[in-house]
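Note sheet for the following structure.
The values are calculated or read from the model by the stated rules, or taken from the named source; none is laboratory data. Since this is a predicted model, take the numbers as computed values, not measurements. We place every Cβ from the backbone using ideal geometry, glycine too, and count neighbours over all the protein chains shown.
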Amino acid sequence: MTGLVYKDLMVMKKTLLIYVIIGAFYGYLDISNGRTGMMFAMLLITSTMIPISAIAYDERCKWDKIVNTAPVSRKEVITAKYLLALVLTAISAVMVFIVYLFKPGMTISENLATVAVMSLMAMVYQAFLLPTIIKFGSEKGRMIMMIILFAPIVLIGVLAKQEIINLSVLSDFLESNSHLLPYITVAVVAVIYLISIMVSVKIYESKDL
Amino acid sequence: MNNAIEIKNLCKNYPAFNLKNVNITLPKGYIMGFIGANGAGKSTTISSLLGLVNTDGGVCLIDGKEMRYMNKAEKAQVGVVLDECNFPEVLNWKQVDKFMKKIYSTWDSESFSDRCKNWGLPEKTIVSKYSKGMKMKLAIAAAMCHGAKLLVLDEATSGLDPVVRSEILDILMEFVQNEEHSVFISSHIISDLEKICDYITFIKNGEIIFTAEKDSLTEKYGILRCSNSDFEAVDKNAVIAYNRNSFAVDALVDRSKISGDYIIDKASVEDIMLYYMKEGKI
Amino acid sequence: MNIIISNGSNDPIYTQIEQQIKAAIVSGQLKEGDMLPSMRVLAKELHISILTTKRAYEELERGGFIQTVAGKGCFVAPKNLEFVREMHLQELEDALAKAAELAKMCNIPDREVHTMLDMFLKGDLYE
C-alpha cells in the first residue's frame, strides 16, 4: 500500500511543487497585509485537489485495471488514496504552521488552532469528495467538487468581510470556550472520515473496471 | 494438475452486448490465441478472467482459483499486459521500478532493468514520450519480472509494426520454455501470432465459435477453389462460408466432408476466422 | 542438423520435422544416443507451436527412431536395422516406380529397361 502512495507522490511531484510555491506566495501576502486566510484556503485546496488529480491520472492510463491484477486488494487501492490525502494535509498543515510563525501578532496557540481547523476542514472535504470522485469519475466529480469546496469558502469569505464572523474568534472560541469541544470535533471528523473510507471501498468494490 | 486457465459458462450482460456461456481451457505450458473481431467480447472475457468486472454467471479459474480470491503470492503469479501501457505517463521506467517493487514482494528489479535496457527503453525518458512499441515492451517487461507463471495479454500487439510484433513473439516463446508457464493472448489480427499458438479460441458476438488445437484446425479446414458450376455439386454441409465471383468460388470447407477431386488449399487461422465472420451468407 | 520448414509444402509441419529428423538419423548425421533439442527449444527456434513439435517427436518415438527419457529429454534410439532397410526399400521403390513410369511414357520396351537395370546393378553403365 505504501507503494501506491509513493507512486502517486511521484506522479504528482511537479504539481505538488507548484502548489507549494503558490502556497508560499500566498503566505507572504498573508504576512505582509496582516490577513489570515489566503494561504489557508490555498492549502486547503491543495490537500483536496491533488488526490483528485492523482485519481484523474489513474483514469487516463487505466491504472486501476493493472493495479487490481497486482497483489493489492481494492480496499488497499482506496485506502492508499485516503492515505495520500492525509499525507498532503499534513504537509499543508506544516507549511501553514511555519509560515504563520512569521505572522506578526499571531500566537503559537492561535497558529496551532488555525492549523487544526484547516486540517479538519480538509478532512471533511476529502470525506465528501473522494467517494463522489470514485463513484462518478474525476470529470463529473470535479464539477461537484467545485460546488462543495467553494460554497463554504465563499460564504466564510463574505461573512468575514462583513465582520459578521472573524476567524480569530473561531480560534479563540475553540481555544477557550470548552475543553471538550476540540475533542468532540476531532472525533466527529474522524468518524466521518472512516465512514467515507468504508463507503468509497464499497463503491470501488462493486465497480466494473 | 490444474489448468492454467479454466473458464466455465461465463456470462456477462451489458445493455448492448452479452457474453454467452463462454468456456475456455488452457493447459499449463502452452500458448493460446484468443481471436475475434473488435467488440466480439475478447476484452470482456479477459476482464472477467482477471476479476476486474462482476460477472453474471460462471467461473473463471487461473490455476484453479478465482483471481479475486487469490492471496498476494498467487496474484503475483499472473502477469498482465493490456492494450495500452497502464503506467502513469509522467514517469520513466526507473520510477516505475521504484514503486512496483513496493507493490510486488516478488519484484525482480535487476531482471526488470535488464529487460528495459535490452529492449532499448531509455532510462530518463518518460512514458508519454515512448512509441507504442516501447510502451508495450515496458508493460511486458513489468509483467514478466514478478514471477508470473501465466501471462495474459489483451490486444498487446495491435498497432505495432511487424518488427516489434516479431520481437514480442520471441519473448513469448522464451517465456514458455518453462513448462509451467502459459500465455493467453488476444488479438484481432493474428497472422504472425498464429505461428506460435498451440491453441486457438475464436469468439464472435459474445459466443465461442471454436476452441481447439491450432494444428487440428488447419488440418480440418481447407479452402476449396472451384468453378461456379462445380460448386453446385459440393455438399453444402461441408461448406462453412464462401466467396463467389464471376469466375470462381472460394469456400472454407471441412476437408473430411468433401469427397471428389477438388483443389483444396491450406487454410490459415486468419482465413478460417475471416470466413467464419461472414458465416451465414450461404 | 538442419530443419527447414516450408509453409508452401503440402505436408503438415509436424511431418516435415519428422521426416527431416528421420533422414538425419538414417544418413548417420544423428547417431545413437545423440540428444535432440527439446520440444520447447525447437518450437521457439522455428517459431512454431509446441504442440506441433510434440507431435513430431511422438511420431518419431512411435516409429522407434527416438526414445524419451523422462526429465532428461529425447535421444536417438539404437538404429533399428530392419527399419532403416525398410526406409531404403521405400526410397528404391519410389525411384523404380518413377523409372517405370518414364519408360512407359516413352514407349521403351520392358526388356530394354530390364537390361538397363541389370547393367546398372553390375556397375557397367556409365556414359
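Among the conditions (1) more than 18 Å from the chain's Cα centre (by Cα); (2) assigned to a helix (DSSP H, G or I); (3) in contact (Cβ under 8 Å) with a residue 40 or more places away in the chain, residue C:55 misses just one, which is (1). Residue count for the stretch B:54-85, restricted to those that are out of contact with any Phe, Trp or Tyr (no Cβ under 9 Å at 6 or more places or on another chain) and part of a loop (DSSP other than H, G, I, E, B): 14.
Quick grid of which residues meet (1) touching a helix residue (DSSP H, G or I) at 6+ places or on another chain (Cβ under 7 Å); (2) in the same structural domain as residue B:187 (by TED's automatic domain parsing); (3) of a type in the set (A, V, I, L, M):
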| site | (1), (2), (3) |
| --- | --- |
| B:9 | no, yes, no |
| B:34 | yes, yes, no |
| B:72 | no, yes, no |
| B:77 | no, yes, no |
| B:80 | yes, yes, yes |
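Do you know which residues across the stretch B:186-243 are within 11 Å of residue B:36 (Cβ to Cβ), touching a Lys or Arg at 6+ places or on another chain (Cβ under 6 Å) and of a type outside the set (Val, Ile, Thr)? Matches in the stretch B:186-243: B:186, B:206, B:207.
Kindly indicate whether residue A:123 is outside any helix (DSSP H, G or I), in contact with a helix residue (DSSP H, G or I) (Cβ under 6 Å, 6 or more places away or on another chain), away from chain B (no Cβ under 14 Å) and not charged (D, E, K, R). It is false that residue A:123 is outside any helix (DSSP H, G or I), in contact with a helix residue (DSSP H, G or I) (Cβ under 6 Å, 6 or more places away or on another chain), away from chain B (no Cβ under 14 Å) and not charged (D, E, K, R). If the condition is being free of Cβ contacts under 8 Å to residues at least 24 places away in the same chain and more than 7 Å from every other protein chain (Cβ to nearest Cβ), then the stretch B:66-79 contributes B:66, B:67, B:68, B:69, B:70, B:71, B:74. If the condition is being surrounded by 11 or more Cβ atoms within 10 Å (Cβ to Cβ), hydrophobic (A, V, I, L, M, F, W, C) and in a loop (DSSP other than H, G, I, E, B), then the stretch C:78-127 contributes C:108, C:125.
Checked against (1) over 19 Å from residue B:32 (Cβ atoms); (2) buried (at least 20 other Cβ atoms within 10 Å of the Cβ); (3) facing chain B (nearest Cβ under 10 Å), residue C:36 passes all but condition (3).
May I ask you to verify whether residue A:109 is at pLDDT below 90 and not basic (Lys, Arg)? Can you show your working first?
Values: at pLDDT below 90: yes; not basic (Lys, Arg): yes.
Here the answer is yes, as residue A:109 does meet what is asked.
Can you work out which of the residues in the stretch B:220-230 that are in contact (Cβ under 8 Å) with a residue 12 or more places away in the chain and among the polar types (S, T, N, Q) is farthest from the other protein chains (Cβ to nearest Cβ)? Walk me through how you get there before you give the answer.
At the first step, the residues of the stretch B:220-230 found to be in contact (Cβ under 8 Å) with a residue 12 or more places away in the chain are B:220-228, B:230.
Cutting the leftovers down to among the polar types (S, T, N, Q) gives us B:227-228.
Details: B:227: 22, B:228: 26 Å.
Only one residue fits best here, namely B:228.
Filter the stretch A:36-83 for residues that are within 14 Å of another protein chain (Cβ to nearest Cβ), assigned to a loop (DSSP other than H, G, I, E, B) and of a type in the set (Gly, Ala, Ser); which is surrounded by the fewest Cβ atoms within 10 Å (Cβ to Cβ)? Only one residue fits best here, namely A:73. The criterion of at least 2 residues that are in contact (Cβ under 8 Å) with a residue 60 or more places away in the chain, more than 25 Å from residue C:41 (Cα to Cα) and away from chain C (no Cβ under 14 Å) is met by the following strands (runs of 3 or more DSSP E) wholly inside the stretch B:131-219: B:199-204, B:207-213.
Taking the stretch B:261-273 as the range and being touching a residue at least 12 places away in the same chain (Cβ under 8 Å) and either touching an Asp or Glu at 6+ places or on another chain (Cβ under 6 Å) or not in a helix (DSSP H, G or I) (or both) as the test, the residues that pass are B:262, B:263, B:264, B:265, B:266, B:267, B:268, B:269. Only one of the listed residues (C:72, C:44, C:31, C:22) is modelled with pLDDT under 90, of a type in the set (D, E, K, R) and buried (at least 16 other Cβ atoms within 10 Å of the Cβ). That residue is C:22.
Looking for something within 14 Å of chain B (Cβ to nearest Cβ) and either at pLDDT 90 or above or within 30 Å of residue B:80 (Cβ to Cβ) (or both) - is there at least one such residue anywhere in the stretch A:86-100? Walk me through how you get there before you give the answer.
So the first thing to find is which residues in the stretch A:86-100 are within 14 Å of chain B (Cβ to nearest Cβ), and the list is none.
The answer is no; no qualifying residue exists.
How many residues does the stretch B:80-119 hold that are more than 12 Å from chain A (Cβ to nearest Cβ) and among the aromatic types (Phe, Trp, Tyr)?
Step one: list which residues in the stretch B:80-119 are more than 12 Å from chain A (Cβ to nearest Cβ), which gives B:93, B:108-119.
If we keep only those that are among the aromatic types (Phe, Trp, Tyr) as well, we get B:93, B:112, B:119.
The total comes to 3.
When the test is whether a residue is at negative phi, assigned to a helix (DSSP H, G or I) and surrounded by fewer than 16 Cβ atoms within 10 Å (Cβ to Cβ), residue A:133 does not pass it. Taking the condition crowded, with 21+ Cβ neighbours inside 10 Å, under 27 Å from the mean Cα position of the chain (by Cα) and modelled with pLDDT of 85 or more, does residue B:190 pass? Against the criterion (crowded, with 21+ Cβ neighbours inside 10 Å, under 27 Å from the mean Cα position of the chain (by Cα) and modelled with pLDDT of 85 or more), residue B:190 does not qualify. On the stretch given as the stretch C:42-81, residues that are among the hydroxyl-bearing types (Ser, Thr, Tyr) and more than 17 Å from residue C:7 (Cβ to Cβ) total 2. When C:62, C:40, C:85, C:55 are checked against the criterion of being farther than 30 Å from residue B:200 by Cα and not small (Gly, Ala, Ser), a single residue qualifies: C:85. Of the residues making up the stretch B:120-130, just one is away from every other protein chain (no Cβ under 14 Å) and of a type in the set (Ser, Thr, Tyr), namely B:125.
Does at least one position in the stretch B:24-42 carry a residue that is among the hydrophobic types (A, V, I, L, M, F, W, C), surrounded by fewer than 21 Cβ atoms within 10 Å (Cβ to Cβ), within 8 Å of chain A (Cβ to nearest Cβ) and not in a strand (DSSP E or B)? Spell out how you get there, then give the answer.
Step one: filter the stretch B:24-42 for residues among the hydrophobic types (A, V, I, L, M, F, W, C), giving B:24, B:26, B:31-32, B:34-35, B:37, B:40.
If we keep only those that are surrounded by fewer than 21 Cβ atoms within 10 Å (Cβ to Cβ) too, we end up with B:37.
Now drop any that are not within 8 Å of chain A (Cβ to nearest Cβ), which leaves none.
Checking the stretch B:24-42: not a single residue is among the hydrophobic types (A, V, I, L, M, F, W, C), surrounded by fewer than 21 Cβ atoms within 10 Å (Cβ to Cβ), within 8 Å of chain A (Cβ to nearest Cβ) and not in a strand (DSSP E or B).
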